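Just below is one structure, and these are the notes that go with it.
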Amino acid sequence: MNFVMKAAMGGGPPDVGKMLGGEEKEADPDAEKKEEERQEALRQQEEERKEKYAKMELEREGMRQGIRDKYGIKKREVVTEEAAVEEASEGSLTRPKKAVPAGCGDEEEEEESIMDTVMKYLPGPLQDMLKK
């Protein structure tokens, strides 16, 4: 009932000032130190993860080599532009987009060749009208 009376008289609950941003919580003096420790822990976890996956990849490569030796399979050496792009983006979740091969993006040439083809099948007077 007291709350209703204060609300009607213009007063409000004591937490209204906090909700409106009047009083801010005190800054933690150790917040900066804790953030640095958290960042260091994240870096350390990332390094451990990379070491773990590098070790796993070495084990897999050893197993692959064993299979190649057993069955006399030669290891493929990929020395192409794609391999260089893949090596450059190793560990990245997104790879750079591949360049469009020459001739794939030339729409004007395709349209001209289509028009030329159509013009061949039209009678002479229509060809003259369309050329103008």
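No lab work stands behind these numbers, since they all come straight from the coordinates. A quick note: this is a predicted structure, and the numbers were derived from the prediction, not measured. No Cβ is skipped: glycine too gets one built from the backbone with ideal geometry, and neighbour counts run over all protein chains shown.
Can you compute the modelled spin-label distance between Glu51 and Glu77, with each label point 7 Å from Cα toward Cβ, in nm?
3.3 nm
Karplus couplings for the range 58-64 from phi (6.51 cos²θ - 1.76 cosθ + 1.60, θ = phi - 60°), rounded to Hz, Gly and Pro as x?
4, 4, 5, 5, x, 5, 4
In the range 34-76, what trypsin sites (Lys or Arg not before Pro) fall in a loop by DSSP, with at most 12 other Cβ atoms inside 10 Å?
Values: sites: Lys34, Arg38, Arg43, Arg49, Lys50, Lys52, Lys55, Arg60, Arg64, Arg68, Lys70, Lys74, Lys75, Arg76; in loops: Lys74, Lys75, Arg76.
Here the sparse-neighbourhood loop sites are Lys74, Lys75, Arg76.
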